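Only one structure is covered here, and it is reproduced in the block below.
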Amino acid sequence: MTIRIRRFARRHARAIGVALGLLALCGAPAAQAQKTYTLRLNHVLGPKEPFHEGFLEWAKAVEKRTQGGLKIQVFHSAQLGVEEDIIEQMRQGAAIGQNTDAARLGNYVPGIAVMNGPYFVETLDEVARLRESPTVAKWTDELASRHGLKVVCFDWVQGYRHFFTNRPVRKPADLEGERVRTPPAPIWQESIRSLGASPVALAFGEMYPALQQKAIDGVELVYNNIPGGRFYEVLKFANETRHIMLLNFEVVSARFFDSLPADYQKALVEECSNVGIRTSKRVLELEDGVREQLRKRGMTIVQDVDIAAFRKAGEQAYRALNLMDARRAVYADIGKN
């Protein structure tokens with residue numbers, strides 16, 4: 001019996017080989033369909049910030065929707081590196097994402113920096129209308145096609161930026177001579193200069209030691225940054241200037257995005273927007289609690305700020321960077337005067 005089996009196998013070896021090859025070919029599409037992708041998302045905020053919780057929620061939603069095909073690994077506190085370096089890696093095609101802002105993206109497409117200017121938008125409703133702006137769509141398309149940066153969404157609002165200092169600030173003149181930390185991008189620098197302070201470019205993680213060493217006199221941040229960074233230990237006043245409603249952009253490599261299946265792309269974009277909108281509302285709801293927490297820790301909350309004077313002063317930033325036309329175009333799109 002054994003001899004007969006061996007003879008049969010030798011006689012039909014070629015046929016068996018062809019059959020096995022066909023089976024392998026038939027299985028190829030199934031194997032390809034099971035290919036998985038991993039995106040590493042970097043941000044500078046601490047693990048207790050509302051945005052970090054939101055990013056984890058986004059990752060969970062995408063993984064569930066793609067049945068594990070696309071996973072997002074979230075890295076807080078700039079664990080993957082500083083923002084500018086990460087953006088350059090994305091331009092080269094790395095499977096990395098970054099929570100960033102219009103100011104840094106304006107280094108590539110100058111017009112988009114306008115979205116980071118003083119008092120550019122002031123409500124979540126205005127932010128929602130930006131999503132339908134043809135002008136903004138043109139800028140984001142240019143970022144992808146010419147600079148390799150795909151904007152997944154910009155629905156993440158970090159809150160209102162205020163000045164946090166060691167002396168009260170009620171009008172632009174009160175900031176004269178104050179060295180205030182701000183990110184290293186032209187619209188940030190010009191915005192803070194126009195509002196009366198002297199801008200100092202520092203990375204996010206360098207602020208606390210710089211305040212301790214008196215290298216800077218203050219910072220301009222959102223309320224939710226203050227407890228996590230323990231800035232109440234080195235600053236006395238929270239001055240509610242509300243000078244920038246901070247829009248955050250979730251950006252990935254355009255090359256990586258284009259490599260994803262169409263349904264994965266859709267999941268990444270739609271869940272980014274869905275979770276971003278929820279997180280933004282949560283952030284603004286938390287501000288009252290943070291304000292009270294800081295008051296209990298000894299900070300003085302300055303609310304009688306001359307917003308009209310700051311808004312007027314902020315116009316200079318748009319003029320200095322030739323962004324008046326860009327602002328007019330977006331305002332026409334969204335119906336803002």
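The values are calculated or read from the model by the stated rules, or taken from the named source; none is laboratory data. Predicted model only: the values in this text are computed from it and were never measured. With ideal geometry, Cβ positions are generated from the backbone for all residues, glycine too; neighbour counts draw on all protein chains shown. To get the accessible areas, we keep the full protein, side chains included, count just its heavy atoms, and leave off ligands, DNA and RNA. Shrake-Rupley method; radii C 1.70, N 1.55, O 1.52, S 1.80 Å.
A few comments on the model shown:
- Inter-label distance for LYS336 and TYR208, nm, one decimal - labels placed 7 Å from Cα along Cα-to-Cβ: 3.3
- Net lengthening on full extension, ALA173/LYS312 (0.36 nm per residue, minus Cα-Cα): 48.8 nm
- Per-atom-type breakdown for the range 37-334 gives carbon and sulfur 48% of the accessible area (1.4 Å probe, protein chains only).
- Contour excess over end-to-end distance, with Cα ends at LEU56 and ALA128 and 0.36 nm allotted per residue: 23.7 nm
- Using a Förster distance of 30 Å, the FRET efficiency for LEU286-LYS35 (Cβ separation, nearest 0.05): 0.15
- Long pairs among LYS138/LYS281; LYS138/LYS312; LYS171/LYS336; LYS214/LYS236, criterion Cα-Cα beyond 20 Å: LYS138/LYS281; LYS138/LYS312; LYS171/LYS336
- In this calculation the C-beta distance from SER145 to ARG230 is compared with R0 = 45 Å, giving a FRET efficiency of 0.60.
- The label point for GLN89 and the one for SER259, both projected 7 Å from the Cα toward the Cβ, are 1.4 nm apart.
- Taken per residue, the accessible surface of the chain reaches 47 Å², heavy atoms only and a 1.4 Å probe.
- Each peptide in 70-80, 303-313, 213-223 gets a packing score, the mean of other Cβ atoms within 10 Å over its residues, and the list from highest to lowest is 213-223, 70-80, 303-313.
- Here the Karplus relation 6.51 cos²θ - 1.76 cosθ + 1.60, evaluated at θ = phi - 60°, turns the backbone of the range 154-165 into coupling constants of 10, 8, 9, 9, 7, x, 8, 7, 10, 8, 10, 9 Hz, with x for every Gly and Pro.
- Over the range 177-246, equivalent-ellipsoid semi-axes from the Cα gyration tensor in Å: 17, 14, 12
- Dipole of the chain [Lys/Arg +1, Asp/Glu -1 at C-beta], most positive-end residue of ALA308, ALA61, ALA128: ALA61
- When the charge dipole of the range 37-334 is built from unit charges on Cβ atoms (+1 for Lys and Arg, -1 for Asp and Glu) and taken about the Cα centre, the candidate among VAL283, PRO186, ALA262 whose Cα reaches farthest toward its positive end is VAL283.
- In this label model, ARG295 and MET324 are separated by 4.1 nm, measuring between points 7 Å along each Cα→Cβ vector.
- Between ALA201 and ASP304, full extension at 0.36 nm per residue minus the direct alpha carbon distance yields a gain of 34.3 nm.
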